[in-house]
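Every number in this text was worked out from the coordinates using simple rules, so none of it is lab data. Computed from a prediction, not measured in an experiment: that's the story for all the values here. Every residue, glycine among them, receives a Cβ derived from its backbone with ideal geometry; neighbour counts consider all protein chains shown.
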């Protein structure tokens, strides 16, 4: 393999740049050329590429987001677009591809694999909703961003004797919500994986208030309910001023944490090594500090489960 | 004067604790006793007080919010409640009061002044909407919080070629919006002080996009329009994916910046000195690095104007 | 078991408060009393204790250091002091003890175990030099502190075309140095585990400079050599202005990262559970996301090894 | 004036990039070309320049240091080097120059002014030691960096009942030391402007310890004494474990604070405006929120005085 391509796709996250930098430096060390495609599969189809030398990846390690950019690409979801991408890869002499992204991106990678093109995926998704890796890129940075904001809001909550309902990301995953609840000392985490009874939540909060506690933080995953509706119920139940904050896209970005820089560096290096070892159609993942490779076909059909212990602990440490 | 009271009222902000600490240490140095009232005027009416010695204010300098807590108090807005507060102050032997807060709190301070009780106010409001002080407590910390979040969101905006409409605090004041727009390199600031034409904003953004710029940040003060409506217009006008983030209460809290710690320390010290010098019914303010005292009667009726230069610069540095 | 004691000993680190809080809340949930000893084994010998209820651990989760304080205690290193501690534990009706700290502290815990007293240890040491746990408490926060400082210094290094030698903690362990080198994109990590040839380092740096790179960051573990001497050699070899920064105690503290809050919460909970399950003389540790318990007798005689892969990657990603 | 040059010189600081960006955008708005010189006067002599268009200054606002780089340049200190620079400016068609830097850099700017070349200086020095401006660029960011580190170290100081001597920058100026002492609640600030009696410092610390306070932070400006010697004296006097931390170059860099981004933006804009208005040989400075221009000949011979009030307050709030 003489030339490898790399792209980032789907929602951006901190650590993508670390993975790109590491992949490039690994390839260069092994005398392999590297090209980057801008805006994910869209740039791949268009052949919007740039040469990735040491200079191209200089100074990006500490930056959030992805300097290769990302974009939606409906065209790549159908066979025709995939063929175009394949043709472009061949035209450019690219013999293998590293795809960094979440669920949808890994499905895209799988499509290329099925066309016989060597692809290795790197899981990147702040929701931590990708199976076969303990952690996806960007999760740790997102968590630390969330906690910074929740710590700030706690200052106001305790200054004013108020309840706050804070919505964090996680359409199908309560990982961010449950971990940030534990890490911030929140009173409650509401997650999509577990049915909750709002009446029950309210009665627990009411009991706490009767015991003298005069403020509360409830963290809700975006997929688990409507934050404002939850706040209204709480207010009705306990007669307590309750405010909502939706953390939104602030969670995604910023200088990556050490964990994400290290994880990105490891993922990027391993992805290139796997391609050079002749592997393909796999996703590199973290399993007990070791890196493992799992077929994309398996990754994309397996849901990631939330650790029950985590939820039990969140409950115990909260209310 | 042998005993001085202190309270925080209205929306909390970073730096309130610095002001409390400094007021207490100044009083103690001058052999004056200090009592704190919890939850603002509510605690004052109830006589919910604590002795403020060195230990009480130890370790609070670097904390956001106010450890004396704050609360709404409708009772204090009428004559009867004010008389109760006055009676409680006399009962406790308190001869002067320091009130830390925003507009409403300074009006409360003025009410006590009109009843003949010596009060000195300290302006604290992240909106920077209080006249006769260049900066209110909490503004600088709020700005730095905002910028941290906007920097994060810019990572995503530039990774995805998107527009973001970010709503910051400021019901009647565009200070936070205009300064944070300059400091973050945003493309546009929409503020309540200045009428804006959304068609105009959109056409400027469209021109920029046509020139090749593929992302944009628009910062909107909460009092200047509905963020989602603005985002929808932009999307319609430029056909560009546009997202909204409402920063909310995250802006208020967190460890105070150096500026707010210093300002709080200066305000707290000066407020106590003024009371001991026999001054009353005034607010301490910052004017060109010096501290000045302005009658509360004047402060509470004077609107604070936004610096036009700032807005012109925001415009020049943006679009 | 009706009453459990807890103390922190040795060098403080971020996350100790999370562990204390979680241990206390776990015990209270199980209707077990908890007492804290101030200043580690010193307070234990003196019986300097406080009741640990919910209020005692309120608001400590996000604070660095340890609110129970820590101290050296030579008296506890000898049999006489250990007997005094034992007597005090019995006098107070304490039936089990949680000891949070590093190598020396775990040795202290082992001493009590050998006297037949039930003890569970929690590894806390920013050096990450404790065997039988993937990570010790405080490491992740220290790493993020280091990276924040190194990112700052890189701004100056690249602005001035200079080399910087940055000394980080780690008397016998190169963990902080090697991970922070990878995460900051440093050119070199010098660690105590691996012999290095300064001539070799210098010739590699010289080659890089000849290739056009005009600044460099070299991270040195404190146990691996004298930072100033290394800087002098580099300056002599490459004729390049070279500065030294010793990060020092700044590395230890500050608000704990999410990882350390979560790890502390898990360690604290598990330590109390182990005592209540009748376990003793063990240290709780992290192994592949699971919590394991290892005899203190084994922990204290086993050196922790640095991951070779990490060092190889540091080298590849650097020079 | 059709073409303006810009360079950064001397020690780098946060906010330089904001000033560059603003100067460039202001010039472009006024249809004036802009060129940047790399590595200060060194690049000026060599003609190492780049075209400064919108793209060149994109994404630099939030970066520490200076992307134009800085360097020492002995050659420019003598007449011959200055003539070379002048010749190069004429050769490139540059008609005016903006010089961003500290004392030495402003002297360099003055030298060009004396040769009849239009120059405007912008004060940038984290020491805040430049007269005729209330604040220099970089000071506010440096202070916030210092406070972040001191807050961390306080966690350890209070966890261990220790004294810490922390050395901050400031060869001739105690500004950083005194302000950071107030803002961090330090016990003592030792500054070059004021003679101090170490015996006196120690006896005050001893009295505090006897009153029950078991930790202390002493902040020393680098020009005011040797931190280790001070620590040794304190240890001898009070028998207290005392550690030293030298914050070093960490203070200079990192993402600029809002204040520095705003100040840089204002300075950069005004510098270009002044040149276009026909002004020369002046430094733009901040005076009571307004921008003023002072002859460089005056700036470079006037020492900046430390505010006495600040020191008195530092003392009152400390011991």
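Neighbour counting of Cβ atoms within 10 Å sorts the residues C:114, D:55, fewest neighbours leading, into D:55, C:114. Each Cα pair under 8 Å and six or more residues apart adds its separation to the average, and for segment B:1-115 the resulting relative contact order is 39 percent. Residue of chain A with the smallest Cβ distance to the axis mapping A onto D, distance rounded to whole Å: A:255, 4. Is the C-alpha gyration tensor of segment A:138-177 telling us rounded, prolate or oblate? Criteria: a/c under 1.5 is rounded; beyond that, a/b larger than b/c is prolate, otherwise oblate. Note, shape of segment A:138-177 comes out oblate.
Computed from label points 7 Å out along Cα-Cβ, the spacing between residue C:198 and residue D:2 is 5.7 nm. Using the reciprocal of the averaged 1/r over all distinct C-alpha pairs, how large is the Kirkwood radius of chain B in Å? Evaluated over chain B, this radius sits at 20.5 Å. GNM on chain B, C-alpha springs below 10 Å: top fluctuator among B:239, B:43, B:174? The residue that fluctuates most here is B:239. Does segment A:142-252 come out rounded, prolate or oblate, given a ≥ b ≥ c as the square roots of the eigenvalues of its C-alpha gyration tensor, rounded meaning a/c under 1.5 and, failing that, prolate meaning a/b above b/c? Because a/c hits 1.5 or more and a/b fails to exceed b/c, segment A:142-252 counts as oblate. Between this copy and the others, label points of residue C:116 are 7.7, 7.8, 10.0 nm apart in ascending order, each placed 7 angstrom from Cα in the Cβ direction.
GNM on chain D, alpha-carbon springs under 10 angstrom: the most fluctuating residue among D:202, D:13, D:152 is D:152. Distance from the alpha carbon centroid of segment A:104-136 to that of segment A:259-284 works out to 12 angstrom.
Between segment D:33-88 and segment C:169-232, the C-alpha centres lie 31 angstrom from each other. On the beta carbon distance between residue C:207 and residue D:54, with R0 = 30 Å, the FRET formula returns roughly 0.20. Where does helix D:258-276 land angle-wise versus the long Cα axis of chain D, in degrees 0 to 90, nearest 10? Tilt relative to chain D: about 30 degrees. Counting only other chain Cβ atoms within 10 Å of each residue's Cβ, the peptide B:264-270 averages 3. Using only Cα atoms, tell me the angle between helix D:175-184 and the longest principal axis of chain D; keep it within 0 to 90° and round to the nearest 10. The angle comes out at about 50 degrees. Our summary gives chain C a relative contact order of 24 percent, counting only alpha carbon pairs under 8 angstrom and 6 or more residues apart. In the protein assembly as shown, what % of DSSP beta bridges are antiparallel (nearest 5)? Bridges in the protein assembly as shown are about 20 percent antiparallel.
For the Cα atoms of chain D, what angle does the longest principal axis make with the long axis of helix D:227-238, in degrees from 0 to 90, nearest 10? That works out to roughly 20 degrees.
The residues A:94, C:301, when put in order of fewest to most other Cβ atoms within 10 Å, stand as C:301, A:94.
Relative to the other identical copies, residue B:226 shows label-point distances of 1.5, 7.0, 7.1 nm, where the label point lies 7 Å from Cα along the Cβ direction and values run shortest first. Position residue B:50: other-copy label points at 1.3, 5.5, 5.5 nm, ordered by increasing distance, label point 7 Å along Cα→C-beta. Among D:125, D:105, D:184, the largest mean-square fluctuation in a Gaussian network model of chain D, built with springs joining Cα atoms closer than 10 Å, belongs to D:184. Its relative contact order, with pairs defined as Cα atoms under 8 Å and 6+ residues apart, puts segment D:140-252 at 39 percent. In plain terms, the residue of B:9, A:203 with the fewest other Cβ atoms within 10 Å comes first and the most crowded comes last, giving A:203, B:9.
Classify segment D:59-204: rounded, prolate or oblate, from the alpha-carbon gyration tensor (a ≥ b ≥ c, eigenvalue square roots; a/c under 1.5 rounded; otherwise prolate if a/b is larger than b/c)? Here segment D:59-204 falls in the prolate category.
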